[in-house]
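As structure tokens, the structure follows; a few thoughts come after it.
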Amino acid sequence: MEKHLYLVGDVSFCGFDDANTPLALAAPILNQADVLFGNMECVLSAPPAFPGMMMCEEPVPPGAGAETKPGGRKRMGGWDSRYSFLDQDGLYADPSLGEGLVLGGFDAVGCANNQTYGPDQIIKSLAKLDALGIKHTGAGLNREKAREPAIVRKSGLSAGFLQYTSVYWPSNHEAGLNYPGVAVIRGYTSFQPNIEYPIGNRPGVPPIIHTWADKHHLEFMQEDIRKLRTQVDFLVSSHHWGFLDEVFAYQEDIAHAAIDAGADIVIGHGPHQPLAIEVYRGRPVFYGLGNFSFKTRHWRSNKGAIDAGVSGKDSWVGMLVDVTIEDGKVNKVSYRLAKHNERFQTLIRDPGDEPELMDRIARFSSINKTGLSAADGQVVVSC
């Protein structure tokens with residue numbers, strides 16, 4: 001009998017007024033999954049109190065009204081002015097909004113990302129997930145706990161999840177030996193002068209960018225995967241990484257190392273837009289699943305969204321991956337698309353209705369010579 005494992009990208013309830021709104025329209029499809037996992041890119045806790053800042057804001061034109069803050073920013077909701085929204089540190093959502101994960105059918109979430117920030121807030125958020133009965137991975141009371149997997153045994157399917165982030169803040173974020181935080185795989189960047197530029201010596205020519213993943217962190221990840229491999233039938237390695245629409249070498253390092261260690265699939269998120277798909281050693285790598293539930297704005301992602309045929313500069317797009325498992329083996333890997341309506345409610349879309357977005361994903365994936373074919377309202381990945 002077929003079992004379905006659904007995987008999605010960035011999920012944040014920051015800015016919503018109630019738990020029913022974000023996933024109400026997508027829930028009938030999501031609830032068809034035997035197991036559902038996604039990246040929870042918010043903290044279910046009040047943020048640290050930093051006077052003069054506010055949670056969940058969106059840019060608005062100056063003079064837009066009395067509710068506009070100094071500096072041309074408008075509150076989107078969630079907390080009053082006593083609480084802060086750390087633009088560069090974290091997204092915080094009212095703990096009651098966590099019920100939206102239950103209504104959406106989530107069995108487990110990953111918490112290793114650049115928005116899961118603040119030791120006290122992480123502890124409270126994980127406690128809320130425990131109270132909701134939702135498994136979690138990627139954050140914890142210390143490094144050992146942050147690296148623990150989420151294991152879901154349900155409907156005859158045993159699935160394990162690990163999540164790490166390569167996008168994080170330099171202070172008080174990475175989990176330590178005795179300090180709460182997130183599980184990290186460190187990446188490095190170097191810049192090489194581009195002396196082969198065809199015009200010859202020209203000041204200001206962009207350098208060649210090299211990236212690579214930390215060798216020891218890759219070994220830690222592979223150790224985690226090998227340990228989990230013996231406990232589950234299907235293993236997902238999930239990663240918060242990337243920038244805009246490019247896939248960097250360090251991401252490939254991580255993805256390939258994860259599959260070499262025994263992961264059945266690798267999913268990525270962070271740039272807030274769908275990216276390339278690769279098949280490595282017969283196993284799929286989704287470098288970017290995009291957003292799945294978000295109300296806050298992604299200005300840096302606008303060009304990608306507009307190029308994909310999404311109207312409006314405040315739009316986002318994403319993917320819903322369906323792993324079909326039969327008799328303990330992967331039978332098919334496919335995906336559908338996700339957009340939002342004017343209320344930022346998630347809508348599951350037929351790929352045939354989104355030719356621009358389909359073309360964009362195909363172009364990115366063609367670099368890896370990945371076979372993609374549309375069938376029965378989904379896009380099938382040739383593994």
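The values are calculated or read from the model by the stated rules, or taken from the named source; none is laboratory data. Here the structure is a predicted model, which means the values were calculated and not measured. A quick note on method: Cβ atoms are made from the backbone with ideal geometry, for glycine too, and the neighbour counts reach across all protein chains shown.
Tell me which residues, restricted to segment 340-350, are in a loop (DSSP other than H, G, I, E, B) and hydrophobic (A, V, I, L, M, F, W, C).
First pass over segment 340-350, keeping only residues in a loop (DSSP other than H, G, I, E, B): 341-345, 350.
Result: 344, single match.
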Residues of segment 90-106 classified as in a strand (DSSP E or B) and either closer than 17 Å to residue 130 by Cβ or among the β-branched types (Val, Ile, Thr) (or both), total: 1
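Would you say residue 218 is assigned to a strand (DSSP E or B), buried (at least 21 other Cβ atoms within 10 Å of the Cβ) and in contact with an Asp or Glu (Cβ under 8 Å, 6 or more places away or on another chain)? Lay out the reasoning, then the answer.
Numbers: assigned to a strand (DSSP E or B): no; buried (at least 21 other Cβ atoms within 10 Å of the Cβ): yes; in contact with an Asp or Glu (Cβ under 8 Å, 6 or more places away or on another chain): yes.
Against the criterion (assigned to a strand (DSSP E or B), buried (at least 21 other Cβ atoms within 10 Å of the Cβ) and in contact with an Asp or Glu (Cβ under 8 Å, 6 or more places away or on another chain)), residue 218 does not qualify.
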Cross-chain or 6+ apart pairs with Cβ under 7 Å, segment 21-49 first and touching a residue at least 40 places away in the same chain (Cβ under 8 Å) and more than 18 Å from residue 172 (Cα to Cα), then assigned to a loop (DSSP other than H, G, I, E, B) and polar (S, T, N, Q): 21/345; 22/345; 24/345; 25/345; 34/155; 39/113
Residue within segment 111-127 that is loosely packed, with under 15 Cβ neighbours inside 10 Å and more than 18 Å from residue 47 (Cα to Cα) present: no
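For segment 239-254, give me each residue that is of a type outside the set (A, V, I, L, M) and either in contact with a strand residue (DSSP E or B) (Cβ under 7 Å, 6 or more places away or on another chain) or in a strand (DSSP E or B) (or both). Talk me through it step by step, then tell me what you get.
Taking segment 239-254 first, the residues of a type outside the set (A, V, I, L, M) are 239-243, 245-246, 248, 250-253.
Correct list: 239, 240, 241, 242, 243, 246, 248, 250, 251, 253.
Rundown of residues vs (1) buried (at least 17 other Cβ atoms within 10 Å of the Cβ); (2) at pLDDT below 90; (3) more than 22 Å from the chain's Cα centre (by Cα); (4) not in a strand (DSSP E or B), yes/no style:
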{"site": "338", "(1), (2), (3), (4)": "yes, no, no, no"}
{"site": "352", "(1), (2), (3), (4)": "no, yes, yes, yes"}
{"site": "359", "(1), (2), (3), (4)": "no, no, no, yes"}
{"site": "363", "(1), (2), (3), (4)": "no, no, no, yes"}
{"site": "369", "(1), (2), (3), (4)": "no, no, yes, yes"}
{"site": "373", "(1), (2), (3), (4)": "no, no, yes, no"}
{"site": "380", "(1), (2), (3), (4)": "yes, no, no, no"}
Residue pairs meeting the criteria (Cβ under 7 Å; at least 6 apart or on separate chains; first buried (at least 23 other Cβ atoms within 10 Å of the Cβ), in segment 244-261; second of a type outside the set (Gly, Ala, Ser) and part of a helix (DSSP H, G or I)): 254/218; 258/221; 258/225
Residue in segment 255-272 that is assigned to a helix (DSSP H, G or I), touching a His at 6+ places or on another chain (Cβ under 9 Å) and closer than 15 Å to residue 163 by Cβ present: yes
Segment 159-182: number of residues that are polar (S, T, N, Q) and in contact with a Gly (Cβ under 9 Å, 6 or more places away or on another chain): 4
Cβ-Cβ under 7 Å pairs, at least 6 apart or on other chains, segment 203-229 side within 20 Å of residue 241 (Cα to Cα), far side assigned to a helix (DSSP H, G or I) and not hydrophobic (A, V, I, L, M, F, W, C): 211/250; 212/250; 212/253; 213/250; 213/253; 218/253
Restricting segment 115-145 to residues that are under 21 Å from residue 178 (Cα atoms) and touching a His at 6+ places or on another chain (Cβ under 7 Å), the residue that is modelled with the lowest pLDDT: 117
Evaluation of residue 232 against (1) touching a Ser or Thr at 6+ places or on another chain (Cβ under 8 Å); (2) crowded, with 24+ Cβ neighbours inside 10 Å; (3) modelled with pLDDT of 95 or more (one fails), failing number: (2)
